[in-house]
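K.L.:
My questions will all concern the structure given below.
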Amino acid sequence: MRRRIVAGNWKMNLVFSEADDLVNGIAQALIECDLDDVEVVICPPFPYLELTSDIGEESDFSVGAQNVSKFDNGAYTGEISAKMLEDMNIYYCIVGHSERRKYFNETNEDIAEKVKRLFEVDITPIVCVGESLEQRESGNHFGIIKKQVVEGLFHLSNEQMENVIIAYEPIWAIGTGRTATSQQAQEIHSFIRGLVAEKYGKQTADNISILYGGSCNTQNAKELFAMPDVDGGLIGGASLKADDFVKIATSF
Ligand code: 13P
């Protein structure tokens, strides 16, 4: 089912006391606004998942991880498995963020494996795709995004595909203050939905949620979310301020 979703990616920020303040601040701000048909997801660093999930049980948000191992379990020092996340009542997981592709050499094949591990335990993947500035300027962005979508996701069954969340995050817009225009976002979101429709049919394509990420904030969220194929946002910097994050979630 196509849902409106606003997810906060805290990345590698905050110490425990700050994380505690932020998650409580978000819970409080959510009480004060009426968010009927928007799903709010918080994706903190691993050590704060339990704290976030405990507070989430009493509040109106879900919890996601920022990464998962492509391996099932065993001798993989430092890795966190999908089963461990499931066991902690984590329902979402970001996969293939451009920072992981860039700094940890994640490939589309790795991402496909991670998505498989997540579906094995019914965790919804939030799969990130997006082009660099050079790729956009050379007109290559459609090809790059198609490759990311096809290689990362097209091994899925129809039913699984309907439960994937895709996040379009142009790399040149992440943390730069330079957001994509709503037309640029719409163009790529509609392109991605079209790719899914070609392989899985229109109904499946219409049912998936496609989020925009990249300098999305309280000023520009409304215009972006008004686009027909933009179903919400994956928010970085602005998700670290409780009031801003919740305001973005009210921007539909
Ligand atoms: P910013 O909102 O800080 O640009 O980050 C976006 C992002 O990478 C979310 O995953």
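K.L.:
Assuming a ≥ b ≥ c are the square roots of the Cα gyration tensor eigenvalues, decide whether the range 1-75 counts as rounded (a/c under 1.5), prolate (otherwise, with a/b larger than b/c) or oblate. Could the numbers behind the result be given before it?
P.N.:
Details: a/c = 2.31, a/b = 1.35, b/c = 1.71.
Cα axes put the range 1-75 in the oblate bin.
K.L.:
Also: For a quick check: with amide H placed at 1.01 Å from N, whose amide H comes under 5 Å from residue 63's, ignoring anything fewer than 5 positions away on the same chain?
P.N.:
For residue 63, whose amide H was placed from the backbone, the distant partners under 5 Å are 42, 91, 92.
K.L.:
Here's another thing I want to ask about it. Going by amide H atoms built from the backbone, whose H comes under 5 Å of the H on residue 79, apart from near neighbours?
P.N.:
none
K.L.:
Separate question: Roughly speaking, what is the stretch gain from residue 155 to residue 32, that is 0.36 nm per residue apart minus the C-alpha to C-alpha distance, in nm to one decimal? It would help to have the intermediate numbers written out before the result.
P.N.:
Working: separation 123, 0.36 × 123 = 44.28 nm, distance 4.19 nm.
Answer, rounded to one decimal: 40.1 nm.
K.L.:
Under the 0.36 nm per residue contour assumption, what length would be gained going from the current alpha-carbon distance of residue 18 and residue 223 to full extension? If you can, show how the numbers build up before the last one.
P.N.:
Working: separation 205, 0.36 × 205 = 73.80 nm, distance 3.05 nm.
Between residue 18 and residue 223, full extension yields an extra 70.7 nm.
K.L.:
Can you list residues whose amide H is under 5 Å from residue 235's amide H, if they're 5+ apart or on another chain and H is modeled 1.01 Å from N?
P.N.:
Amide H to amide H, under 5 Å and 5 or more residues apart or across chains, residue 235 pairs with 7, 8, 9.
K.L.:
Any chance you could run the full-extension gain for residue 73 through residue 46? It's 0.36 nm times the residue separation minus the Cα-Cα distance, nm to one decimal. Present the calculation step by step, with values, prior to reporting the outcome.
P.N.:
Details: separation 27, 0.36 × 27 = 9.72 nm, distance 1.69 nm.
The residue 73-residue 46 span can extend by a further 8.0 nm.
K.L.:
Could I ask something else about it? So if we plug the beta-carbon distance of residue 176 and residue 122 into 1/(1 + (r/R0)^6) with R0 = 41 Å, what FRET efficiency do we get, rounded to 0.05? Mind dumping the intermediate values first?
P.N.:
Details: r = 35 Å, r/R0 = 0.86.
Given R0 = 41 Å and the Cβ-Cβ separation, E is 0.70.
K.L.:
Could you line up 93, 33 from fewest to most neighbouring Cβ atoms inside 10 Å?
P.N.:
On the way: 93 26, 33 12.
Ascending Cβ contact count within 10 Å gives the list 33, 93.
K.L.:
Can you compute the helix-only [θ] at 222 nm over the chain? Use -39500 (n - 2.57) per DSSP H run of at least 4 residues, normalise by all residues, nearest 500 deg cm²/dmol. Write out the running numbers ahead of the final one.
P.N.:
On the way: 12 runs with 112 residues, N = 252.
Using -39500 (n - 2.57) per qualifying helix, the result is -12500 deg cm²/dmol.
K.L.:
I've got another one for you. Short version: what are the Cα gyration tensor semi-axes of the chain, square root of 5 times each eigenvalue, largest first, in whole Å? Walk me through the numbers on the way to the answer.
P.N.:
Numbers: eigenvalues 124, 99, 60 Å².
For the chain, the semi-axes come out at 25, 22, 17 Å.
K.L.:
Could you give each residue of the range 123-130 its phi-based ³J(HN,Hα) in whole Hz, using Karplus coefficients 6.51, -1.76, 1.60 with θ = phi - 60°, and x for Gly or Pro?
P.N.:
Couplings: 9, 7, x, 10, 9, 8, 9, x Hz.
K.L.:
A further question on this structure: Are any of the pairs 70/222; 11/116; 199/247 more than 28 Å apart by Cα-Cα distance, and if so, which? Intermediate values should be presented prior to the final figure.
P.N.:
Details: 70/222 36 Å; 11/116 23 Å; 199/247 36 Å.
In this structure, 70/222; 199/247 exceed 28 Å between Cα atoms.
K.L.:
Send over the Kirkwood Rh of the range 14-133, from the inverse of the averaged 1/r over different Cα pairs, rounded to one decimal Å. All intermediate terms of the calculation are to be shown ahead of the outcome.
P.N.:
Working: mean 1/r = 0.0655 Å⁻¹.
Answer for the range 14-133: a Kirkwood hydrodynamic radius of 15.3 Å.
Quick note: the coordinates plus some simple rules give every number you see, no bench work behind them. All of these numbers come straight from a predicted model, not from anything done at the bench. Neighbour counts are summed over all protein chains in view; Cβ atoms, including those assigned to glycine, are modelled from backbone coordinates with ideal geometry.
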